[in-house]
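First comes the structure, then the notes that go with it.
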Amino acid sequence: MPKIAVNGMELSADDRGEGEAVVFVCGAGQPAEMWEMVGRPSVDAAGFRTVTYDSRGIPPSAVPDPPYAMQDLVDDAIGVIEHFGAGPCHMVGASLGANVVFSVARQRPDLVTSAVLQIGGGPFRPEMSTRFAEMLQGYRQGGESARNVQREVLLDTMLTTASRHDPAAQEAMAPILEMLGNAADDWSGTIGQLTASIEWASRDHLSDATEVTVPTLMMANQDDAFFDPEDLRATADRMSDCTFVPIPGLPHVSLDPDVLEASTRQVIDFISTHRRG
């Protein structure tokens, strides 16, 4: 993807198609390329212009030294929208990206036609503050310590509570862990995005939710290790125009193709309902 100058740094970004724009915002550690496997082609086919970008901390975008503030990530997203002249646009964010979309919708509703918050956009589980501190320590040590932390995080992300400690389930995840693992052993971007998450975890966000006025779809997985779906529901209830969709039986991120297709269809139906034309 080409590089664009945004918020004082270079971000790798891609803008394609015509029509109302949909801007996708990645979760922690997620390369923008993953939207090509989950969602973007279907949104293209539905007649939307689509914009993706690698967040700060994710090569080939800039990887500044940590820490990163949440407002850094929010300002980056605003900068991408403004760079491409995409606003007002529909926004779709996953996990940390959902937190970013929530914040853009709250701070700059003039740029947002509708917002989709997938597996995020509200308070982290209370225990995550302690967990984040442990993760930060492991990543700062680097080497095998950091790789072990990343492995545990990925397993928590993609396995349900029932399967989390099943050796067979963990073995089945081995190829995905290998694909997503950090081969470079440079943890600056990971630490930067984690510090933004730690900052997010320090607030409850329920009062902020009353300031989100754009039409919003919040999708919560019921077996999410990071966001309690009931906390997300409480956040959705504070918004003036939010549709809350609980999805039973799923971990933070599901890799089931049928689940992903159904989720993408819900997103398309929602943003199509809120086309400006």
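The values are calculated or read from the model by the stated rules, or taken from the named source; none is laboratory data. It should be emphasised that the depicted structure is a prediction, and the values quoted were computed from it without experimental measurement. Positions of Cβ are backbone-derived with ideal geometry, glycine not excepted, and every protein chain shown enters the neighbour counts. Keep in mind that these areas ignore ligands, DNA and RNA; they rest on the heavy atoms of the full protein, side chains included. Shrake-Rupley method; radii C 1.70, N 1.55, O 1.52, S 1.80 Å.
Would a scan of the range 255-272 turn up a residue that is of a type in the set (G, A, S), crowded, with 17+ Cβ neighbours inside 10 Å and assigned to a helix (DSSP H, G or I)?
Looking through the range 255-272, at least one residue is of a type in the set (G, A, S), crowded, with 17+ Cβ neighbours inside 10 Å and assigned to a helix (DSSP H, G or I).
In the range 128-241, which helices (runs of 4 or more DSSP H) lie fully inside it and hold 1 or more residues that are of a type outside the set (A, V, I, L, M, F, W, C) and open to solvent by less than 30 Å² (accessible area, probe 1.4 Å)?
Here the list reads 128-141, 143-158, 188-201, 206-209, 229-238.
Can we say E33 is charged (D, E, K, R) and either more than 27 Å from L194 (Cβ to Cβ) or at pLDDT below 95 (or both)?
yes
Are any residues in the range 17-51 touching a Cys at 6+ places or on another chain (Cβ under 9 Å) and in contact (Cβ under 8 Å) with a residue 12 or more places away in the chain, and if so, which ones?
Result: E20, A21, V22, V23, A32, W35, R49, V51.
Checking the structure you have, find out if any residue of the range 41-48 is of a type in the set (G, A, S) and modelled with pLDDT under 95.
No, because not a single residue in the range 41-48 is of a type in the set (G, A, S) and modelled with pLDDT under 95.
Just to be sure before I move on: is L154 hydrophobic (A, V, I, L, M, F, W, C), at pLDDT below 95 and within 28 Å of R233 (Cβ to Cβ) in the structure I sent?
Yes; evaluated as a whole, the condition is true for this residue.
Just need a number here: residues in the range 105-123 that are more than 22 Å from S263 (Cα to Cα) and either touching a Phe, Trp or Tyr at 6+ places or on another chain (Cβ under 6 Å) or among the β-branched types (V, I, T) (or both).
Residues meeting the conditions: 0.
Here is a list of conditions, (1) in contact (Cβ under 8 Å) with a residue 40 or more places away in the chain; (2) closer than 22 Å to S103 by Cβ, and E230 meets all of them except one; can you say which number that is?
(1) is the only condition that E230 fails.
Cβ-Cβ under 7 Å, sequence separation 6+ or interchain: first residue in the range 191-203 and of a type in the set (D, E), partner open to solvent by 20 Å² or more (accessible area, probe 1.4 Å) and part of a helix (DSSP H, G or I). Which pairs?
The qualifying pairs do not exist here.
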